[in-house]
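Only one structure is covered here, and it is reproduced in the block below.
We did not get these values from a lab; they are worked out from the coordinates using the rules stated. If you're wondering where the values come from, they're calculated on a predicted model, not measured in any experiment. Positions of Cβ are backbone-derived with ideal geometry, glycine not excepted, and every protein chain shown enters the neighbour counts.
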Amino acid sequence: MKTVRRLIYGEVLSSIALVALGFLALFFFFDLVDELQYLGKNSGIGDSIYQIRHALLYVALLIPNHLYELLPISVLIGTIFVMARLAQSSEYTILRTSGLGPWRALNLLLWLGAFFVALSFVVGDYIAPASERAAQLLKARYQSKITVGQTGAWLKEKQANNNFIVNVNELSPDNEMHGVRIYEFNSKGRIVSTTEAPVAVFSFDAAWLLRNVTHTEFDVTNAANGAGASPQQVKVNRTVVDSFRWPTEISTEMVSVALLKPERMATLDLFNYIRHLEANGQTSQRYEIEFWRKVFYPLSCLVMVMLALPFAYLHFRSGGITGYVFAGVMIGISFFLLNNVFGFIGNLRSWQPWLAAATPGLIYMAVSMGAFGWLVLKR
């Protein structure tokens, strides 16, 4: 059995590596062509000019994220190719007569799929988020900022009896926040104060350090008159200070997830951001779907190896293997598209986040089990 395992694992691993390398080279080329339009541009800060070496480094930093997205498709195509080739050369028939039954073969491939589940989790949860952030900061060094839309990111936090609405216009390559505005509201929804600062940095003691701060307080009092009415009078106190420390639980990761795409963040960062949104009464449907997608997506590697096993039990002559590999490519692309479509539909229709994230995998698992039962067990 060790010889069979060594044979199949060696063939499948080399095939998957070759397929993944081909996909990554293709995406690397497309990303590099897309970056050519930015060459020679200056951010306006010093003599920072975007050169070809910067573009190559930026594109290289995007590779882990592409690997995370393409790993299930690569596992499917590589495994289908090996299983179909073994069936075409009658090697798999010899393995079957030597005692490699359907359930033993499935167990063999599931252990291989478990390895890719772990690899996908490590790449998607640790390597890809770090490299994506490094890539965005590198790009921002020559575009001078990371921002979304015209007004940047908006966040909300509740402290004691007051609510705070925070606006961060952009994030610099030095991890500084630019264009920071903080609006404080009391329990009745009335504005209490505003704080504006051109620059703010994250502190290590759960606080932000704001520079060149303009702090405005609104003091509302009631002035009774003879008619018994109590018209409100507002006193505005404005102060300007060089620095101001604002205690907050809004961390660097929370600002990053508001400015960057949520699917590029780590699972733990998404979970903490969802808890922050729920604690402050904000909708978290989109981020919950992305969180569950991050949980279920690595498990799709198990589904892919289950889909590939029935190809070993097909009977065909030379020339037919190309069609089966093409079918594997189509199945992988359809899974990728369905996974994205269900995320958008679940967000629009307010489905349960875990259901929207798990449905594509469940559908393809049912298909794989049906194919396994029909081609492997019934024939």
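How high is the relative contact order of the chain, in percent, counting Cα pairs under 8 Å that sit 6 or more residues apart? Can you show the working numbers first?
Numbers: 573 pairs, mean separation 67.1, N = 379.
RCO, the chain: 18 percent.
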Taking r as the C-beta separation of Val122 and Thr252 and R0 as 30 Å, the FRET efficiency to the nearest 0.05 is 0.85
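Considering only DSSP states other than H, G, I, E and B, which chymotrypsin sites (Phe, Trp or Tyr not before Pro) in the stretch 173-207 qualify as loop sites with at most 10 other Cβ atoms within 10 Å?
Working: sites: Tyr183, Phe185, Phe202, Phe204; in loops: Phe204.
Within the stretch 173-207, the qualifying chymotrypsin sites (Phe, Trp or Tyr not before Pro) (loop, at most 10 other Cβ atoms within 10 Å) are Phe204.
Taking only DSSP H segments of four or more residues, each worth -39500 (n - 2.57), what value at 222 nm results for the chain once the sum is divided by all its residues, to the nearest 500 deg cm²/dmol?
So the helix-based figure for the chain works out to -18000 deg cm²/dmol.
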With point charges of +1 on the Cβ of Lys and Arg and -1 on the Cβ of Asp and Glu, referenced to the Cα centre of the chain, which listed residue (Leu355, Val199, Ile165) lies farthest in the positive direction of the dipole?
Leu355
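Check the chain and count each lysine pair with an alpha-carbon distance under 15 angstrom, considering only pairs eight or more places apart or from different chains. The partial results should precede the final answer.
Working: Lys41/Lys139; Lys41/Lys145; Lys158/Lys188; Lys261/Lys294.
Value for the chain: 4.
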Using alpha-carbon positions, what is the distance between the centroids of the stretch 52-86 and the stretch 336-368, in Å?
23
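Show me 60-72, 293-305 ranked by packing, highest mean number of other Cβ atoms within 10 Å first. The partial results should precede the final answer.
Numbers: 60-72: 20.9, 293-305: 23.0.
So the order, starting with the most tightly packed, is 293-305, 60-72.
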Given [x] 0.96; [y] 1.13; [z] 0.98, the label whose value is Rg/Rh (Cα atoms, Kirkwood Rh) derived from this model:
[y]
Quick one: length gained pulling Val367 to Lys235 fully straight, 0.36 nm per residue minus the C-alpha distance?
40.7 nm
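Evaluate the charge dipole of the chain about its Cα centre and quote only its size in Debye, nearest 20, assuming +1 on the Cβ of each Lys and Arg and -1 on the Cβ of each Asp and Glu. Each step should come with its number before you reach the end.
Details: 31 positive and 26 negative charges, 252 e Å.
The dipole magnitude comes to about 1200 debye.
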Taking θ as phi - 60°, what are the ³J(HN,Hα) couplings along the stretch 156-172 by the Karplus curve (6.51, -1.76, 1.60), each to the nearest whole Hz, with x for Gly and Pro?
9, 9, 10, 10, 6, 9, 10, 10, 10, 10, 10, 10, 10, 6, 7, 10, 8
How high is the relative contact order of the stretch 1-83, given as a whole-number percent (alpha carbon pairs under 8 Å, six or more residues apart)?
46
Just name one of Thr252, Trp208, Ser14: the one whose Cα is farthest towards the positive end of the charge dipole of the chain (beta-carbon charges, Lys/Arg +1, Asp/Glu -1).
Ser14
